[in-house]
């Protein structure tokens, strides 16, 4: 073989992988995101949710994670007590289903609404006596949680430990004598508290209607009361560590949410947990408070 031809072949042969390597190096690596998942039973199969079977928020959360294609999202299961610590410690941590509170905004950034829940109610099961009319407002709402336990000082209230019920209800709970409150933690705390109510181990339970699952026999005996002054909905948000990266992730989440607000699936996710009258009220609430955004589109 001609030496010049051989030299040209060798140069060409060995230059090909080098060019390929240089080309591959131009691919920008994905940014790592620590996705904090509260270690409660309801979140065990988060990424397997393909329909809104567990809750509105978990369904939407799974859809959002799937859309964060420019990030390497790594789920980290933690206790509710560790979430705040990890959001403060890391610049790339995110979590879903959070109430937006002023104190949390000092170390985290919030998205537009993730989902809307009917707000917490005060539940009571198969009581031996009725509550006196003096505990109610003209609108037939409990005037305050504190007043209930002033009237029934030996009764107790079941409350999930370490979570926020929103600004108003957090304040209401703080006014109650702590001896009247039973705090329940752990991964099964939500279902455990409901079971304790039916077993009469707690007299009252502060819970979201979405979390109550009475049997056909239990349902007629379950009382629920609206608390005067409580907002009609608990609004869940996505939240990421405060900083440039957290802001970027939230902006990407918001872009996806804006698309989802117009999608039939977003409406259907809420429809499973709202009666027809409640859906109409939610539509009116959204129109009044979010007039520039169309969150639910009935079909």
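Data for the structure
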| read-out | value |
| --- | --- |
| Residue match in region 234-251 (condition: over 30 Å from residue 70 (Cβ atoms) and under 18 Å from the mean Cα position of the chain (by Cα)) | yes |
| Single condition residue 248 does not satisfy, out of (1) farther than 25 Å from residue 81 by Cα; (2) assigned by TED's automatic domain parsing to the domain that holds residue 171; (3) modelled with pLDDT of 95 or more | (2) |
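The rows are residues; the columns are (1) touching a helix residue (DSSP H, G or I) at 6+ places or on another chain (Cβ under 9 Å); (2) part of a strand (DSSP E or B).
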| residue | (1), (2) |
| --- | --- |
| 205 | yes, yes |
| 213 | yes, no |
| 220 | no, no |
| 223 | no, yes |
| 235 | no, yes |
| 239 | yes, yes |
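The values are calculated or read from the model by the stated rules, or taken from the named source; none is laboratory data. Just so it is clear, the model here is predicted, and its values are computed rather than measured. Ideal geometry is used to build each Cβ from the backbone, glycine not excepted, and the neighbour counts take in all protein chains shown.
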